[in-house]
Amino acid sequence: MGRRVAIVGTGQTYHKSHRPDVTSREMINEAVTVALADAELTIRDIDAIVIGNMDHFESINYVDAYSVEGSGGVMKPIMKVSTGGTTGATVAIAAYYHVASGLFERVLAIGFEKNSESDTTGAIITCSDPVWDRFSYSGAIPSLATEATAYMEKYGATQEDAALIGERDRNNAMNNPFAHLHRPLSVADIMNSPMLAYPIKLGDICPRSDGACACVLAADGVAQKIAKRPAWFKAAAVRHTYTWFGDSTDYNKGLVSMQRASKDAYAQAGITKPVDEIDVAELYLPYTWAGLKWIEDIGFCGPGEAAKFVGERNTHMGGKIPINPSGGVISTNCIGATALLRVAEAAIQVMGKGGARQVPDVKNALATGFGGCFWSDVVILSTERP
Amino acid sequence: MSTDNVQVERLESVFSCPMPYEWSIGLYGSRFFQEIKQNRRFVGIRCKGCGKVYVPPRRVCGPCFEELTELVTLSDTGVITAFSVVNYPFIDPNTGSQRPIPYTYGYIKLDGADNIFSNIINETDLSKIKVGMKVRAVFKDAAEMEGNIQDIKYFDILG
Ligand SMILES: [Zn+2]
């Protein structure tokens, strides 16, 4: 294990479908300013920066340079990390590596996206292989929908089972002043929403948001002086698989990258019974079915048991393991920031700064990133210095 | 000179030009399309390390990190492992115009292969398509083939 590292400050913008009032670099600056204020630091205290967003999206591919005055990176060590939907979590993990290595004391992790500046579906299509997959691929929705059809066939889960995830997350978003969609949805609303790609309906899928998120990470010895209750990294795991859909979508095996990343994370954190030992989870669930299938892959319940586990309200606020107190990805999705928001929200829970969305007495919080092509990142944060 | 900081109409800058690219398909990828064109059949490639047969054929088995050399002929039939009927309008970055909808995006396990092949299934009626159904590839006429993935018209549900 490297040097111990904690998150000591977080910042996020409010999220909307369109922010014509700011450029990306100005939007980034909003999140960075809030994160620095949260940590009671200034940009002069920051030793290095890791920043990321989705390649192709705004057609600005050297965002580390493009955004330099917004991020505070003028004449500082700054790197871009971009790994598709997992970008935000990978940015957090890369910043963690920076501090854990012993080379940097205080590092900023930044994720952002202005979905309004591009055609999100067109941009996501360019993430698929140009020779083999691109002609038939139509963005995130159908590739996720295929997973849902396979899951329904295998375990008999229903569209209503999935819709309960949407109802849960959209209700939770009402407690989060930063969430993009502030309108609750019921199972019936979701069932009655337009069919986009069977079995995914409008109410089952995440929105396109503009927004940015930043976290301040600090080294052991420094972190305790900055934050009353730092959110210590207990685990950080990254697993990436193929990008060809045919190689990463053996649904009989489940989401293998999530299985492997969570297994690695639990081993790092010394966790053997995730549901008992983790107090809250902020999961990158871009569509409702993920809230069933992927919590099996992450070990919150057994294969095929998710509909029952969620149906018994174990994952609602007040349940055994509340998932997505923030409202999750189904309520807010500024893609390059989305997975960093999961990490930031997990840190907020550990630091006890969640306000109306706070889960009581959080010791361990788990965050995930999902994206690329069925890729997974897992982070576990804790009040306890490992 | 000074200027008052008053609110003004917010402006946007628009870019909408085509950007051409040229992608190499590689030795085995080219062979795959040539086999469709000349022999109307699929080929895959077997890994000597793990025994897995990949389609389309490629040079390296990722998990084994071994060079692949053993091409194998595959059937034009397979089984649907997952599908979705795409029902929303969107701009296709390949063409710059709207892709015709609805169409069915499917994952197919070809007989003889160990991984999955993504393609179009020629059925958009949800009451007539199910995971586990058998399908067969329908190729274009040889004269229309261009040596790309769309030389496969689609997969037809059998029976
Ligand atoms: Zn192999």
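The values are calculated or read from the model by the stated rules, or taken from the named source; none is laboratory data. Please read all numbers here as calculations on a predicted model, not as lab measurements. So basically every Cβ, Gly included, is an ideal-geometry build from the backbone, and we count neighbours across all protein chains shown. What goes into the accessible areas is simple: the full protein's heavy atoms, side chains included, and nothing from ligands, DNA or RNA. Shrake-Rupley method; radii C 1.70, N 1.55, O 1.52, S 1.80 Å.
Numerical summary
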read-out: Strands (runs of 3 or more DSSP E) completely within region A:268-386 that count 3 or more residues being touching a Ser or Thr at 6+ places or on another chain (Cβ under 7 Å) and closer than 19 Å to residue A:207 by Cα; value: A:364-371
read-out: Residue pairs meeting the criteria (Cβ under 8 Å; at least 6 apart or on separate chains; first within 14 Å of chain A (Cβ to nearest Cβ), in region B:63-84; second among the β-branched types (Val, Ile, Thr) and within 12 Å of the ligand (Cβ to nearest atom)); value: B:68/B:45; B:68/B:60; B:74/B:53
read-out: Selection within region A:80-139 - more than 9 Å from every other protein chain (Cβ to nearest Cβ), under 19 Å from the mean Cα position of the chain (by Cα) and small (Gly, Ala, Ser); value: A:82, A:84, A:85, A:88, A:89, A:92, A:94, A:95, A:109, A:111
read-out: Members of region B:27-62 that are in contact with a helix residue (DSSP H, G or I) (Cβ under 7 Å, 6 or more places away or on another chain), basic (Lys, Arg), surrounded by 14 or more Cβ atoms within 10 Å (Cβ to Cβ) and within 14 Å of chain A (Cβ to nearest Cβ); value: B:58
read-out: Hits in region B:46-88 (condition: among the charged types (D, E, K, R) and within 14 Å of the ligand (Cβ to nearest atom)); value: B:46, B:48, B:52, B:58, B:59, B:66, B:67, B:70
read-out: Residues (part of a loop (DSSP other than H, G, I, E, B), under 22 Å from the mean Cα position of the chain (by Cα) and within 12 Å of another protein chain (Cβ to nearest Cβ)) located in region A:193-250; value: A:240, A:241, A:242, A:243, A:249
read-out: Every pair of residues 6+ apart whose Cβ atoms lie under 8 Å, when the first sits in region B:1-26 and is over 17 Å from residue A:19 (Cβ atoms) and open to solvent by 100 Å² or more (accessible area, probe 1.4 Å) while the second is of a type outside the set (Lys, Arg) and assigned to a loop (DSSP other than H, G, I, E, B); value: B:15/A:59; B:18/B:96; B:21/A:130; B:23/A:130; B:23/A:131
read-out: Among (1) part of a helix (DSSP H, G or I); (2) under 21 Å from the mean Cα position of the chain (by Cα), the one test that residue A:151 misses; value: (2)
read-out: Given (1) surrounded by fewer than 17 Cβ atoms within 10 Å (Cβ to Cβ); (2) within 24 Å of residue A:101 (Cβ to Cβ), number of the condition residue A:17 does not satisfy; value: (2)
read-out: Contacts under 9 angstrom Cβ, first residue in region B:93-106 being more than 9 Å from every other protein chain (Cβ to nearest Cβ), partner of a type in the set (A, V, I, L, M) and open to solvent by 60 Å² or more (accessible area, probe 1.4 Å), 6 or more apart; value: B:97/B:91; B:98/B:91
read-out: Number of the exception - residue A:87 against (1) touching a residue at least 24 places away in the same chain (Cβ under 8 Å); (2) touching a strand residue (DSSP E or B) at 6+ places or on another chain (Cβ under 6 Å); (3) more than 21 Å from residue A:369 (Cβ to Cβ); value: (3)
read-out: Boolean, residue A:130 is surrounded by fewer than 18 Cβ atoms within 10 Å (Cβ to Cβ) and not hydroxyl-bearing (Ser, Thr, Tyr); value: yes
read-out: Unique match (being more than 16 Å from the ligand (Cβ to nearest atom) and closer than 20 Å to residue B:108 by Cα) among B:8, B:43; value: B:43
read-out: Number of the condition not met by residue A:54 [criteria: (1) surrounded by fewer than 23 Cβ atoms within 10 Å (Cβ to Cβ); (2) among the aliphatic types (A, V, I, L, M); (3) at pLDDT below 95]; value: (1)
read-out: Filter result for residue A:257 (in contact with a His (Cβ under 8 Å, 6 or more places away or on another chain) and within 14 Å of chain B (Cβ to nearest Cβ)); value: yes
read-out: Matching residues in region A:59-75 - criterion: being open to solvent by 90 Å² or more (accessible area, probe 1.4 Å) and aromatic (Phe, Trp, Tyr); value: A:62
